[in-house]
Each structure stands twice: as structure tokens, then as C-alpha cells.
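The values are calculated or read from the model by the stated rules, or taken from the named source; none is laboratory data. This is a predicted model, so every value here is computed, not measured. Because the Cβ atoms are built from the backbone with ideal geometry, glycine has one as well, and the counts that use them run over all protein chains shown. Ligands, DNA and RNA are stripped out before the accessible areas are found, and what is left, the full protein with its side chains, is counted by its heavy atoms. Shrake-Rupley method; radii C 1.70, N 1.55, O 1.52, S 1.80 Å.
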Amino acid sequence: YPYLEWLPSLHLSYRTKSMHNFSLSYVMRVSTPNFSQLTTYKDYDEESFSIGNPNLVPTTTHSFDGGWTKYFNHFGSVGISDYYRISTNSISNVNDVMYDDFFGRIVSYSKPFNVSTSRRGGAEFRITYRPKDFMNIRFYANIYDSYFKTHDILHNVDVESNSFSYSFRLNFWSKVWKKLEIFANANYSSPTISYYSTRKPSYSI
């Protein structure tokens, strides 16, 4: 049904003659569940199924972002940016197992639900070094902090979690003899945790 929403946003930016760039923004968002998240019909896969939740309510999110970047003529740039998100009634999926008549056995399934309160913040430090016009080296360092509190509808208990994680990324690009491009990348992510799931540390080169 049609309804009215008030979704304010504010964006500010400022740049100095000495090549300092500053930015600040705030956005409020309201997200409504889609049809697949609300339907009570089961969506079957080969070994599992998913089902919606007609009791879902819209999600309200407040977002804050800020940043600073300094550019240098013969070096590159250095910058810091951060963000903060706080949401009420955000939608997540719960995964469990149950007996299903269609399969005739116990299978896994997923169902969306509203998380009471969740927030996530983070910051990024980045540096770009250009020793030559044909070469770029970029380094990124990120930290994240996340929190959620909700009621576990399956086990009828309150669940609360707070986690801290970080990641690093290094990129190299160069062009040789104006014909051959060379790329190299390295990444590392620390362990993370979310509702009913954890992720082990990972890296790649």
C-alpha cells in the first residue's frame, strides 16, 4: 500500500588550495521487505528450502560518513575515512534444520527475521605512492567493529554479540615498455563473527 516516508540526507565537502579534501555526510534510510521475504510459500532447492516471514517490519538505518584526503604533487595521496551505521529491525536470515514433507526427511532451511538493534562502524587508512607515472603502489588498512542484539526466535533466548576485526590490502601496478601491464595483490582478513556464523582468517596473494 502507498505510504509517505521522511528520508533526510546531508552531504558536505570542502577542498583547500593545498589539496586537502574533507567530506561529511548523513543519510537516513527505510528499507521494506520484498515479496520473497514475506511470502509463506516454500522455495525449494535440491537439498534445502527457504521460506519468508509475514511478520517482518521495515528496517530503519542511520548512516554517518566522513573522510580526509591529502594529495601530493610528486608522491601520491594519503587519506582516512570512517563510517558508522546503526539499524533497528534490520533483516537477517536464520539457518536451521527441520523435517519437511516434500523431502520426507530432515533438511536445512533459512528464514528471515528482524534483528532488534545492530550497529557497525569502521575506518580505513589508505596511501597511494606513485614513484613514476607508470607505477602505482596502494596500501589499505581497515578496522571494523560490529554489534547486534536480538531475540532468538528458534530457541527463545536473547542473543547479544560484539566483534572487532581488521584487514589489510596491498596493490601494485606497473607498465613496462609501454606495452606490458603487471599487477600484484595481497590481502589479509582477520576472523569475523555474525549472527549464527563465523569466518576464519583468510589471505591471498
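Within the range 1-22, take every residue that is at pLDDT below 75 and of a type in the set (Ser, Thr, Tyr) and give me the one that is least open to solvent (accessible area, probe 1.4 Å).
If we take residues in the range 1-22 being at pLDDT below 75 and of a type in the set (Ser, Thr, Tyr), then Tyr3 is least open to solvent (accessible area, probe 1.4 Å).
Starting from the range 59-77, take each residue that is under 16 Å from His11 (Cα atoms) and list its partners that are at pLDDT below 95 and in a loop (DSSP other than H, G, I, E, B), counting only C-beta distances under 9 angstrom and pairs at least six apart or across chains.
As it stands, the answer is none, since no pair meets every condition given.
Note down all Cβ pairs under 6 Å where the first residue falls in the range 109-136 and is touching a residue at least 12 places away in the same chain (Cβ under 8 Å), the second is open to solvent by 70 Å² or more (accessible area, probe 1.4 Å) and part of a loop (DSSP other than H, G, I, E, B), and they're at least six residues apart or on different chains.
Phe113/Ile153
Find all pairs meeting these conditions: Cβ atoms under 6 angstrom apart; at least six residues apart or on different chains; first residue within the range 156-170 and closer than 20 Å to Ser202 by Cα; second residue outside any strand (DSSP E or B).
Ser165/Ser190; Tyr166/Ser190
Name, by its number, the condition in (1) in a strand (DSSP E or B); (2) open to solvent by 80 Å² or more (accessible area, probe 1.4 Å) that does not hold for His155.
(1)
Just give me the residues in the range 46-104 being under 30 Å from Tyr166 (Cβ atoms), open to solvent by 70 Å² or more (accessible area, probe 1.4 Å) and among the polar types (S, T, N, Q), in sequence order.
Selection gives Asn93, Asn95.
Considering Ile106, Ile80, Ile91, which residue is of a type in the set (A, V, I, L, M), over 30 Å from Arg138 (Cα atoms) and under 21 Å from the mean Cα position of the chain (by Cα)?
Of Ile106, Ile80, Ile91, the one residue that is of a type in the set (A, V, I, L, M), over 30 Å from Arg138 (Cα atoms) and under 21 Å from the mean Cα position of the chain (by Cα) is Ile91.
Does Asn136 qualify as being farther than 30 Å from Phe49 by Cβ and modelled with pLDDT under 85?
No, not satisfied.
Consider Asp145 carefully, then state whether it is of a type in the set (D, E, K, R) and open to solvent by less than 60 Å² (accessible area, probe 1.4 Å).
When the stated conditions are applied, Asp145 does not pass them.
Can you confirm whether Phe113 is at pLDDT below 90 and out of contact with any Asp or Glu (no Cβ under 6 Å at 6 or more places or on another chain)?
Against the criterion (at pLDDT below 90 and out of contact with any Asp or Glu (no Cβ under 6 Å at 6 or more places or on another chain)), Phe113 qualifies.
Among (1) modelled with pLDDT under 90; (2) part of a strand (DSSP E or B), where does His74 come up short?
(2)
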